[in-house]
1. Which ranges mark the helices (runs of 4 or more DSSP H) fully within region 91-187 that have 1 or more residues being under 24 Å from W229 (Cα atoms) and not hydroxyl-bearing (S, T, Y)?
2. Would you please name the residue that is farthest from ligand 1 (Cβ to nearest atom), looking only at residues in region 54-68 that are over 12 Å from L34 (Cβ atoms) and touching a strand residue (DSSP E or B) at 6+ places or on another chain (Cβ under 9 Å)?
3. Considering L18, L70, which residue is within 16 Å of ligand 2 (Cβ to nearest atom), in contact with a helix residue (DSSP H, G or I) (Cβ under 9 Å, 6 or more places away or on another chain), under 23 Å from K162 (Cβ atoms) and open to solvent by 10 Å² or more (accessible area, probe 1.4 Å)?
4. Being hydrophobic (A, V, I, L, M, F, W, C), within 16 Å of ligand 2 (Cβ to nearest atom) and in contact with a Pro (Cβ under 6 Å, 6 or more places away or on another chain), is that true of even one residue in region 184-199?
5. Only residues that are open to solvent by less than 10 Å² (accessible area, probe 1.4 Å) and under 20 Å from H98 (Cβ atoms): list them for region 164-184, please.
6. Going residue by residue through region 102-109, is there one that turns out to be in contact with a helix residue (DSSP H, G or I) (Cβ under 6 Å, 6 or more places away or on another chain), in contact (Cβ under 8 Å) with a residue 60 or more places away in the chain and of a type in the set (D, E)?
7. Can you confirm whether W157 is modelled with pLDDT of 95 or more and not hydroxyl-bearing (S, T, Y)?
8. Any idea how many residues of region 80-125 are more than 16 Å from ligand 2 (Cβ to nearest atom), open to solvent by 10 Å² or more (accessible area, probe 1.4 Å) and more than 17 Å from Q185 (Cα to Cα)?
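The values are calculated or read from the model by the stated rules, or taken from the named source; none is laboratory data. Remember, predicted model here, so these are calculated numbers, not experimental data. Backbone-built Cβ (ideal geometry, glycine too); neighbour counts: all protein chains shown. Areas reflect the complete protein model, heavy atoms only, side chains present, ligands, DNA and RNA absent. Shrake-Rupley method; radii C 1.70, N 1.55, O 1.52, S 1.80 Å.
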Amino acid sequence: MNARTLVIVPTYNERENLEPLVTQSLAALHDSDLLVVDDASPDGTGALADELAARSDRVHVLHRSRKEGLGPAYHAGFRWALERRYDEVIEMDCDFSHAPSDLPRLVDAARDGADLVIGSRYIPGARIEGWPWYRHLLSAAANLYARTLLGRSVRDWTSGFKCFRRAALQAVLDAGAPANGYVFQVQGTHGVRRRGYSVVELPVVFRERTQGESKVRYNSTVEAIWAVWTLRRHG
Ligand SMILES: Nc1nc2c(ncn2[C@@H]2O[C@H](COP(=O)(O)OP(=O)(O)OP(=O)(O)O)[C@@H](O)[C@H]2O)c(=O)[nH]1
Ligand SMILES: [Mg+2]
């Protein structure tokens with residue numbers, strides 16, 4: 001029988017993390033496939049992904065020719081998923097900030113009827129481990145801003161750990177080109193909500209990566225502030 005759920009993992013230089021992450025995710029979620037979307041990682045993550053795909057028919061790889069950021073990588077993965085008729089599609093980082101053991105809870109909530117399930121860091125029972133004070137500050141400020149502009153009922157607007165049902169995912173693609181950086185996550189959640197789909201948050205423990213390097217850059221803060229404002233005005 002075909003798997004119902006696809007876990008999408010975007011990668012850029014994740015050689016140390018990829019194999020354990022794939023193994024643990026497939027073990028955690030039996031009824032699933034996993035798609036690695038690699039942007040020609042110089043460290044050979046793409047070749048390692050091909051090896052894993054050769055060993056398991058549950059693992060798939062999408063190679064992209066250059067680093068374009070998270071949004072375009074996810075949109076390519078979303079299109080791949082919709083063409084293959086998966087019922088639920090998950091966004092998950094490759095750095096173990098999102099625990100593979102949380103995957104079944106996200107999928108169960110989607111199968112219980114939520115169109116978008118957010119693995120949330122900002123509701124009771126959730127926690128962030130290993131962040132320096134300025135990461136807390138930046139994330140808190142971004143979320144306060146997004147809540148003020150777009151709605152207080154969502155607490156974690158910038159979470160990158162999400163499970164979409166396919167109709168909600170189609171709505172995200174229909175909303176147009178992906179935004180840059182963390183605004184991509186805000187855009188996706190806003191697009192789903194404003195089209196009338198239901199959003200549920202589940203508490204997760206988020207852990208800072210221990211292997212590999214962060215790709216996040218904070219030099220586009222002004223652009224992000226503006227982008228969330230235009231989401232409010234134009235969706
Ligand atoms: N395909 C692709 N994946 C990317 C790109 N940038 C980041 N990623 C992946 O996206 C995920 C999140 O990236 P991180 O560097 O961990 O960013 P983050 O989790 O927001 O930041 P940290 O908390 O500092 O780790 C990881 O799996 C990265 O390998 C990109 O340009 N293309
Ligand atoms: Mg990370």
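1. Details: elements: 103-111, 133-150, 166-174.
It comes to 133-150, 166-174.
2. Only one residue tops the list, namely H63.
3. Numbers: L18 fails: open to solvent by 10 Å² or more (accessible area, probe 1.4 Å).
Every option except L70 fails the conditions.
4. Step one: filter region 184-199 for residues hydrophobic (A, V, I, L, M, F, W, C), giving 184, 186, 192, 199.
Narrowing further to those that are within 16 Å of ligand 2 (Cβ to nearest atom): 184.
Restricting the remaining residues to those that are in contact with a Pro (Cβ under 6 Å, 6 or more places away or on another chain) gives 184.
Checked region 184-199: at least one residue is hydrophobic (A, V, I, L, M, F, W, C), within 16 Å of ligand 2 (Cβ to nearest atom) and in contact with a Pro (Cβ under 6 Å, 6 or more places away or on another chain).
5. The first filter runs over region 164-184 and keeps only residues open to solvent by less than 10 Å² (accessible area, probe 1.4 Å), leaving 164, 168-169, 171, 183-184.
Of everything in region 164-184, those that are open to solvent by less than 10 Å² (accessible area, probe 1.4 Å) and under 20 Å from H98 (Cβ atoms) turn out to be F164, A168, L169, V183, F184.
6. Scanning region 102-109, I find no residue that is in contact with a helix residue (DSSP H, G or I) (Cβ under 6 Å, 6 or more places away or on another chain), in contact (Cβ under 8 Å) with a residue 60 or more places away in the chain and of a type in the set (D, E), so the answer is no.
7. Values: modelled with pLDDT of 95 or more: yes; not hydroxyl-bearing (S, T, Y): yes.
Taking the combined requirement at face value, the residue satisfies it.
8. Result for region 80-125: 18.
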